[in-house]
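A short write-up of the structure that comes next.
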Amino acid sequence: MSGRDPVRAVARFVLTVAVRGRRASGGPWGEAVLAEFGETRGRWQAVRWAVGGLRTVWRERRQRIRQLPRATRIRRRAAVAAVLAVVAGLSVARFALTPQYMASAEMEPTFAVTDRWVLDRVSLRISGVHHGDVVAYRKRYAHVEQIRRVIGLPGDTVECRDGRVHRNGSALDEPYLPDGARTECEPTTVPADSLYVLGDNRAIATDSRHEGTVAMSSVLGRVIDVW
C-alpha cells in the first residue's frame, strides 16, 4: 500500500528530479539518498527524508560548483542573472506595468488614437484613487477595457451647469478638455466603492453619464505614461 501512497510518490518524484534533473544519474551523495528512500516507512517519514535529501543535494551541488574554473562560474552566474531578469521583466509586464495602446478617440486630446500608454496595476492599490486620475476599468456587462478620467469619488455630488462640471458645488478646472467643450450631465451622488468617470472628449465619449458609476472592484490600474 505504501508504494501507492500519492504523498510518497510526489516526495520521491521531487527528490529524483532534484538529484538527477535530466541526467541518467546524479552525484554520489544524491544517489545514495535516493537509493535509501525505499527504506522509509509511512508518508511523513518519506517527506522528511525527501526534505533532508534536498538539503544534501544542494550542498553537493555547491561543492561541485566551487570546483569549477572561475571563468565557468562567472558564466553560469551571468546566465542565471539573465534568466532571472527576463522572468522579472515578464512578471512586471504582466502584474505591475502593462503597455497598451489607445483604440478610440474618446479620450482626445489627452490620448490620440493609437497612442501607447502604460497601466500601473500596483500603486493604485497602495495609494488609492484620486480626482483627476486616468484609470482603466472593465465594463460591467462586457469583457472590454476602457480608460476614463476620475471626476467623482464615493460621497461626491457631480452635476453640470452651463456646460461645466461641478463637484460638491464647485466648478472644475479642466484644462485637458478640447477647446469649446461643453458637458451635460444629470446630478449624481457617487455611491460607496464606486467612481464617477468621464471621457475627455465629452462630445463622443461613453462614460458615467450614460452607463452610471464604475465599481471600484472593476478598476484595473492607473494610466501613468503616454507616448
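The values are calculated or read from the model by the stated rules, or taken from the named source; none is laboratory data. Since the model is a prediction, treat every value here as computed from it, not as a measurement. When we count neighbours, we look across all protein chains shown, and the Cβ atoms used for this are built from the backbone with ideal geometry, even at glycine.
Results, tabulated for the structure shown:
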item	result
Subset tally (residues that are of a type outside the set (A, V, I, L, M), modelled with pLDDT under 80 and within 36 Å of the chain's Cα centre (by Cα)) for region 42-58	2
Flag for Asp133 being surrounded by 12 or more Cβ atoms within 10 Å (Cβ to Cβ), over 24 Å from Cys185 (Cα atoms) and modelled with pLDDT of 75 or more	no
Candidates Val113, Val150, Val223 - the one that is under 18 Å from Met102 (Cα atoms) and without any contact (Cβ under 8 Å) to a residue 12 or more places away in the chain	Val113
Checklist (1) part of a strand (DSSP E or B); (2) at pLDDT 80 or above applied to Pro154, failing item	(1)
Residue ID - surrounded by the fewest Cβ atoms within 10 Å (Cβ to Cβ), chosen from residues in region 17-44 that are among the acidic types (Asp, Glu) and farther than 14 Å from Arg61 by Cβ	Glu39
Every residue from region 168-191 that is over 14 Å from Ser208 (Cα atoms) and assigned to a strand (DSSP E or B)	Ser170, Ala171
Failed item, numbered, when Arg202 is tested on (1) touching a residue at least 24 places away in the same chain (Cβ under 8 Å); (2) touching a strand residue (DSSP E or B) at 6+ places or on another chain (Cβ under 8 Å)	(2)
